[in-house]
Each structure stands twice: as structure tokens, then as C-alpha cells.
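The values are calculated or read from the model by the stated rules, or taken from the named source; none is laboratory data. All values derive from a computational prediction rather than experimental measurement. In this analysis, Cβ positions are derived from the backbone assuming ideal geometry, glycine residues included, and neighbour counts consider all displayed protein chains. These accessible areas exclude ligands, DNA and RNA; they are computed on the full protein's heavy atoms, side chains included. Shrake-Rupley method; radii C 1.70, N 1.55, O 1.52, S 1.80 Å.
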Amino acid sequence: MRSWIGLATIGLFGVLSARYAYRLGFDWGDMGSYAQIARELSEGGSPADFIGYGPLWHFFGAWIFKLAGVNFSALLIAFHFLIIICSVLLAMALRQATGTLWPGLVAAAAIILVPPFLASTMRLVCLALIAWPFVALARTEPQRDRAVVMTTAAVIAVIMMIRPDFAYLYAAALGTILIGRTLLLSGDFREKLAYLLRRTLYASIAFVVVMAPLALHAVIRGYGWHLLLEIVRYPTRILFFLGMRLGETSELGSASGSLLKMPPVSAIFDLSSGQQIFALLIYSTLAGLVGAFIALVWRALRNRDDARIDQPLFAIFLLAACQWPIFGLFRPSWVHFVGFMHCYVLLALALVVWLNEPWRSARRLDQPAARAIQVLLLAQVALFVGYGALFGETGLGMKLSGRDAVFEGKNGVRVRVSAGEKRIYDNVAAIIEQNSSPGDRIVCVPYCAGFPFMTDRQPLFREHYVDDATPLVYPGWLDKAIALTDAAKPPVIIVLDWAPNDTHTSRFDVWARRYIDHINATYPISGRFEMGRVWLRDGAMRPPPTRVPVLDYGPRSARVGVPFNQQPNGQSALWIKLDRNIGGGAVVRLDGRDLPAVVTDGGVSALVPADALKQPGQHELKVVNTLRNAESDPVTLVLDP
């Protein structure tokens with residue numbers, strides 16, 4: 001009864017937290033891409049166009065949209081409920097592994113307080129699905145484990161349809177568990193081999209039976225070949241990116257340019273890095289994984305009975321080990337680290353309970369060491385939860401920071417954002433909606449499918465995310481992108497000023513320079529906005545030319561070579577107050593020279609380079625927004641000798 005009360009309390013806590021947090025922020029990258037794919041599938045799109053992860057994950061979003069209509073808020077609510085359900089399932093699995101409830105409740109609370117970023121909820125779903133079968137298998141006698149083995153294999157088949165990369169890792173973990181159980185059996189070699197072969201056969205049958213309905217659906221809907229290729233290609237893709245991480249691929253000149261870099265150990269001690277806690281958690285948890293592995297292997301080699309007792313802990317260890325490569329090798333950022341930490345928290349709490357057991361027979365000298373390890377493990381959990389909840393990108397503290405405005409777009413997008421974010425999103429929406437029609441396909445790269453979604457448009461490229469690895473993964477992608485752009489003639493092309501992997505080579509305007517040069521030559525109208533650059537196919541859909549009156553400006557005069565309104569970088573600054581907002585992407589034009597401007601509701605401001613203030617006389621100033629087809633009345637800045 002107490003277990004159900006505890007789990008119900010965690011569930012209620014999750015609901016209250018989700019009710020408060022689900023609208024905070026707008027993820028125009030990952031969640032925008034997911035929503036766009038779910039929308040197109042719900043409207044009859046072919047799954048063959050969106051193979052990348054397993055189709056079940058995208059089908060989930062399509063089902064939500066079929067039930068609730070194409071509504072971004074409905075998707076956010078569904079994802080938060082998935083997180084709550086997964087936290088409860090993992091609490092139950094940890095209770096099964098440890099024999100006590102409190103570790104599961106702590107783990108569930110940690111997941112709710114530091115949730116995954118929503119688009120990676122699939123990782124948590126896969127973990128929640130496999131955790132109970134793994135633990136149940138570890139606690140079942142080999143003579144009676146056929147049903148559990150088949151259940152575990154069936155779950156792996158479901159995961160294969162959600163995230164094939166995790167399915168491969170969990171299949172390897174299942175194989176490791178079965179081999180370990182085989183070695184622990186009493187009997188001769190023939191009996192052990194027979195056990196292993198039978199369990200492998202049972203697992204294979206269960207896997208095929210569960211995969212069959214989706215395979216049949218894939219054949220009927222015409223995406224069977226695409227699905228098969230994607231599943232088979234995953235191991236080679238993992239090895240490809242592993243090769244890049246190890247520096248074995250140099251086609252782009254910098255193998256690591258396509259992958260985020262993990263903070264070095266020295267970042268723990270570097271107060272200027274801003275990554276001390278992140279780095280400390282990375283390397284301390286890696287040490288925890290290695291230490292747990294050594295302890296489990298040492299106990300197994302020392303005493304076979306200890307190995308049998310430790311099987312549930314070994315199962316939890318394997319789950320954590322399966323989560324680490326996706327973070328450590330491919331995406332070493334905080335939001336991906338959270339996915340690994342959810343499983344590491346399970347392992348840390350299981351180890352705390354496990355370390356209590358040897359004390360009953362251990363020497364007194366061992367007890368302080370065990371207690372010290374327990375304290376360190378609990379400190380890791382506390383540090384992760386405290387830092388993640390308050391300062392992590394997915395925690396409530398960061399989400400709440402300054403988000404006191406509401407942004408509303410098409411397709412049920414209604415989220416709380418900061419005033420600055422709202423101004424940017426409103427401007428992006430205005431640019432897209434004024435220069436295209438609903439349903440049009442537009443270009444938005446390197447990863448911003450949320451912008452077409454929030455304006456009821458669609459991305460032209462099926463690859464929503466592109467970086468400098470794209471030409472390696474998809475040879476000829478640039479040529480195809482140029483040809484597709486020429487054929488489709490999208491009315492709007494948006495390229496963000498963003499390096500997805502924090503490297504210069506991962507900027508779209510660097511690795512895709514040929515594409516930029518091509519649209520510069522073929523698209524006559526372009527301009528900048530707060531997040532990047534926009535190209536328009538023609539001016540036919542732009543608003544008519546607009547003249548915006550100037551209410552005031554300053555300075556009206558200055559001396560040659562003498563800075564005015566001097567900024568910390570030494571440059572001068574001028575300001576122009578307008579009759580109304582001229583829109584983001586405007587520039588201040590000084591004698592025909594465009595100066596990047598900061599646009600607010602009250603007007604604009606711009607930095608003036610020193611070389612623009614060398615000639616005495618009258619200099620014309622005006623604010624120009626090419627994308628909005630608007631400019632201000634001209635005014636004069638007088639420079640006295």
C-alpha cells in the first residue's frame with residue numbers, strides 16, 4: 001500500500017510540475033522538426049520521407065494530431081505525460097531491483113525536476129520500457145526465465161521501431177546478460193550451450209513476431225525498403241561517427257568539426273570556463289561507471305554466488321552503460337547528458353543500497369570506505385538535480401528565466417517566452433507570412449523546422465537538420481539541394497547565424513558556401529534579421545513601400561574623430577526614434593553604408609565605426625528594412641571639423 005501511495009505522490013508531483021512548465025520556451029529546432037513530421041504524417045504523408053528514427057516515434061505525434069488536430073500545445077502535454085509515466089515505471093523497476101521503494105521515488109523525482117528536453121523523450125521512453133524486463137530477468141531463475149527472455153526481446157523489437165540505435169545497444173546488453181547467466185549455470189559445457197541457444201532462439205522468435213505487424217504495415221504503405229535500409233544502416237552509421245570522434249575521417253579537414261567537443265578534465269578547475277559543474281559530473285559519473293564495473297567483475301571472479309546476487313545491479317549497470325555512448329561519443333552537450341544521467345541516477349541509488357549489504361559481514365575497516373562511496377554517489381545525484389533544476393537548459397529555473405511574454409503562432413503554438421524572444425519570433429513569422437502562402441515549402445536551415453510549422457508552411461528539405469557531416473552522410477547533398485531549390489523556387493530562404501556543433505566548419509554558410517553563392521546569384525532580394533539572413537524569391541508578395549516618420553534622433557551633430565555615446569568597445573552609438581516599429585532585420589544606412597541595428601518597439605540604435613566619422617559635413621541617415629519594404633524619412637548627422 002505504501003508503494004502505491006508513494007508512486008501516486010510522484011505522479012501528482014509530475015502533473016503539477018508539467019502543468020506549470022509545459023508552455024515555457026519554444027524549441028524551434030528539435031520539437032519544431034518533430035511537430036512538422038507528425039503533422040505531415042497525420043495529413044497522409046509517406047513515412048518513407050521521414051525515416052531517420054524509428055517510425056513508431058513519429059507515429060505517436062501523428063496520432064496526437066489526429067485526435068486533437070494539429071496543435072503544438074497538445075503535443076507538449078502528451079510529452080510531459082510520457083515523462084511522468086516513464087518516471088513512475090522506472091521507480092517501479094528500481095524498487096524491483098533494490099527491494100526498497102525510496103531509491104525509486106528519489107529517481108522519479110530527479111527525472112521530473114530535471115526532465116529530458118522534450119524531443120529526446122524517446123530516450124526516456126526506451127529506458128522505461130526496457131528497465132523492468134531487464135531487472136525481472138536478473139531476478140528470475142534460469143530454469144524459469146523463458147517468458148521473461150521473450151518479453152525482453154519483444155520490448156527490444158518495439159524499441160527498434162522507436163530508436164534503432166538504442167535497440168542495438170539493448171540487444172547487446174541482453175546478449176551480455178544471457179552469456180553471464182550461462183556461465184553461472186551449474187552443469188557441463190553442453191548443457192550451458194543448450195541453455196544459451198534455446199534462449200537465443202526464444203528471443204529471436206519474440207523479436208520477429210513483434211516486428212512483423214510493423215514490417216507488414218511498412219510493405220503495404222510503401223516504406224518497407226526504406227525502413228529495412230535504415231535499420232541495417234544504423235550500426236555502420238554509429239561506426240562512422242565513432243570514426244569521426246577518433247579523428248579517422250578528414251574529408252572536411254577537421255574530423256571533429258562535425259561533433260560537439262566534450263569539456264576537458266581541466267574545465268573542472270577553470271573558473272572562466274562556465275562548465276565546472278558539467279565537467280565534474282561528466283568525469284565523476286564516468287569514474288562511477290568504471291568503478292561499478294570493476295567491483296561487479298571482481299565479485300563475480302571471486303565468488304560465483306556473489307555474481308548471482310549481483311545480477312539486478314548488473315542489469316542496471318548495463319542500462320547506464322548503454323546510455324553513455326549517445327552522449328559521450330556523439331552529442332556531449334548538457335541536454336543529451338541529462339538522458340544519460342537519468343539512468344546513472346538509477347545506478348547510483350542502486351549502488352547505495354547494494355553497499356549496505358556487505359557491511360553485515362565485512363571488516364570494520366571496510367565500512368568507512370563503503371559509507372564514503374555512498375556519500376559520493378548521493379552527492380552526484382544531489383549535484384545533478386540541484387544544478388539541472390536551477391541552471392540546466394531543461395530545468396524549471398532556466399525555463400522560467402525572464403519568460404513573461406506570450407508568443408502565438410499557427411498550428412496551436414502558444415508558449416511563454418522572453419520579450420526579446422517574442423520580438424524575434426514575431427518578426428520571423430511576419431517575414432515568412434508576408435512573403436509566402438500557407439502550405440508553401442520554404443527553406444530554413446540548419447535546423448529550424450519550427451519556423452515553417454508556426455507559420456503553417458512546410459520545409460523544402462526532408463533533412464531538417466544539416467551540418468558539416470551532412471555531405472559525408474549523404475554524398476551529393478549540396479548538389480541535390482541546389483537542384484531542388486531551382487526546381488521548387490521556394491519563396492523564402494532562411495539561413496541562421498548558428499554553428500550547431502560550436503565549430504566554425506559547422507556553420508551552414510561555411511560548409512554549404514556553394515549553396516549560399518547560388519542563392520545570392522538567383523534571389524534578388526535579401527536582408528538580415530536577428531537570427532540570420534533571409535532571401536526572397538521576388539518582391540511581389542511584400543507589403544507596398546512604406547515610409548516611417550522619424551520622431552527624434554541623436555546625436556544630431558558631433559565632431560570629426562571624437563566618439564559620441566561611446567560604448568565599452570570604443571565605438572560610437574546613435575539612435576533613431578520612429579513613429580512605429582519598422583521590424584527586425586532593419587539597418588541604419590549612413591551615406592549608403594549599412595550599419596547593423598538593434599530594433600526595439602521605440603526605434604533603432606546602431607554602432608558607428610570610427611572610419612565613418614572622418615569626413616566633416618552633412619551625412620544622410622535613414623533606417624531601412626529591405627524585407628519589410630520599409631524605410632524611414634532621411635535625417636542628417638552633421639560632423640564639425
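Tally up the residues in the stretch 450-484 that are out of contact with any Asp or Glu (no Cβ under 8 Å at 6 or more places or on another chain) and closer than 16 Å to VAL534 by Cβ, please.
5
Being at pLDDT below 85, of a type in the set (Ser, Thr, Tyr), under 26 Å from the mean Cα position of the chain (by Cα) and closer than 28 Å to ALA382 by Cα is true for just one of SER272, SER284, SER256. Which residue is that? Give the derivation first.
Values: SER284 fails: at pLDDT below 85; SER256 fails: closer than 28 Å to ALA382 by Cα.
Of the residues listed, the single one that is at pLDDT below 85, of a type in the set (Ser, Thr, Tyr), under 26 Å from the mean Cα position of the chain (by Cα) and closer than 28 Å to ALA382 by Cα is SER272.
Determine whether the stretch 311-321 contains at least one residue that is surrounded by 14 or more Cβ atoms within 10 Å (Cβ to Cβ), touching a Phe, Trp or Tyr at 6+ places or on another chain (Cβ under 6 Å), farther than 20 Å from GLU357 by Cα and touching a residue at least 12 places away in the same chain (Cβ under 8 Å). Working first, answer last.
Going through the stretch 311-321, the residues surrounded by 14 or more Cβ atoms within 10 Å (Cβ to Cβ) turn out to be 311-321.
Those still in the list that are touching a Phe, Trp or Tyr at 6+ places or on another chain (Cβ under 6 Å) too: 313, 315, 320.
Filter once more, so that each one left must be farther than 20 Å from GLU357 by Cα: 320.
When the remaining residues are screened for being touching a residue at least 12 places away in the same chain (Cβ under 8 Å), the result is 320.
Scanning the stretch 311-321, I find at least one residue that is surrounded by 14 or more Cβ atoms within 10 Å (Cβ to Cβ), touching a Phe, Trp or Tyr at 6+ places or on another chain (Cβ under 6 Å), farther than 20 Å from GLU357 by Cα and touching a residue at least 12 places away in the same chain (Cβ under 8 Å), so the answer is yes.
Looking at TYR195 and the list (1) open to solvent by less than 20 Å² (accessible area, probe 1.4 Å); (2) more than 21 Å from ALA138 (Cβ to Cβ), which single condition is not satisfied?
(2)
Enumerate the pairs (first residue in the stretch 550-569 and over 16 Å from LEU607 (Cβ atoms) and assigned by the TED database to the domain that holds VAL635; second residue anywhere and open to solvent by 70 Å² or more (accessible area, probe 1.4 Å) and of a type in the set (Asp, Glu)) with beta-carbon separation below 9 Å, excluding pairs fewer than 6 apart on the same chain, so at least 6 apart or on different chains.
Listed pairs, sorted by first residue: VAL550/ASP579; LEU551/ASP579.
Hey, does the stretch 370-381 have a residue that's closer than 30 Å to ALA586 by Cβ, open to solvent by 10 Å² or more (accessible area, probe 1.4 Å), of a type outside the set (Phe, Trp, Tyr) and at pLDDT 90 or above? If you could, list the steps in order and put the result at the bottom.
Filtering the stretch 370-381 for residues closer than 30 Å to ALA586 by Cβ gives none.
Looking for residues that are closer than 30 Å to ALA586 by Cβ, open to solvent by 10 Å² or more (accessible area, probe 1.4 Å), of a type outside the set (Phe, Trp, Tyr) and at pLDDT 90 or above, one finds none in the stretch 370-381, hence no.
Which residue, of LEU76, LEU94, LEU90, is open to solvent by less than 30 Å² (accessible area, probe 1.4 Å) and within 20 Å of GLU393 (Cβ to Cβ)? First the steps, then the outcome.
Numbers: LEU94 fails: within 20 Å of GLU393 (Cβ to Cβ); LEU90 fails: within 20 Å of GLU393 (Cβ to Cβ).
Every option except LEU76 fails the conditions.
Among the residues of the stretch 490-511, is any part of a strand (DSSP E or B) and under 24 Å from SER333 (Cα atoms)? Explain how you work it out, then say what you get.
As a first pass, look at the stretch 490-511 and keep what is part of a strand (DSSP E or B): 492-496.
Cutting the leftovers down to under 24 Å from SER333 (Cα atoms) gives us 495-496.
Within the stretch 490-511, one or more residues are part of a strand (DSSP E or B) and under 24 Å from SER333 (Cα atoms).
Can you name every residue in the stretch 58-69 that is open to solvent by 10 Å² or more (accessible area, probe 1.4 Å), under 11 Å from ILE37 (Cα atoms) and in contact (Cβ under 8 Å) with a residue 24 or more places away in the chain?
Answer for the stretch 58-69, where residues must be open to solvent by 10 Å² or more (accessible area, probe 1.4 Å), under 11 Å from ILE37 (Cα atoms) and in contact (Cβ under 8 Å) with a residue 24 or more places away in the chain: just HIS58.
Looking at the stretch 43-57, which of its residues are touching a Gly at 6+ places or on another chain (Cβ under 8 Å) and open to solvent by less than 30 Å² (accessible area, probe 1.4 Å)?
ALA48, the sole residue that qualifies.
For ILE582, work out the one condition from (1) open to solvent by 60 Å² or more (accessible area, probe 1.4 Å); (2) in contact with a strand residue (DSSP E or B) (Cβ under 6 Å, 6 or more places away or on another chain); (3) modelled with pLDDT under 85 it doesn't fulfil.
(1)
Among (1) buried (at least 16 other Cβ atoms within 10 Å of the Cβ); (2) closer than 21 Å to ILE37 by Cβ; (3) within 24 Å of the chain's Cα centre (by Cα), where does VAL492 come up short?
Every listed condition holds for VAL492 apart from (3).
Specify the residue that is farthest from GLU43 (Cα to Cα); the eligible residues are those in the stretch 424-446 that are assigned to a loop (DSSP other than H, G, I, E, B) and open to solvent by 30 Å² or more (accessible area, probe 1.4 Å).
Of the stretch 424-446, the ones assigned to a loop (DSSP other than H, G, I, E, B) are 435-440, 446.
Pick out the ones that are also open to solvent by 30 Å² or more (accessible area, probe 1.4 Å) and you get 437-440.
Working: SER437: 18, PRO438: 15, GLY439: 12, ASP440: 15 Å.
Applying the filter and picking the extreme gives SER437.
Give the residues of the stretch 563-602 that are under 17 Å from PRO616 (Cα atoms) and out of contact with any Ser or Thr (no Cβ under 9 Å at 6 or more places or on another chain), sorted by residue number.
Selection gives SER572, LEU590, ASP591, GLY592, ARG593.
Name the single residue, out of those in the stretch 131-164 being part of a helix (DSSP H, G or I), open to solvent by 10 Å² or more (accessible area, probe 1.4 Å) and in contact with a Lys or Arg (Cβ under 8 Å, 6 or more places away or on another chain), that is nearest to THR98 (Cα to Cα).
PRO142
Out of the residues in the stretch 165-184 meeting the condition of being under 23 Å from HIS217 (Cα atoms) and crowded, with 22+ Cβ neighbours inside 10 Å, tell me which one is modelled with the highest pLDDT.
That would be ALA167.
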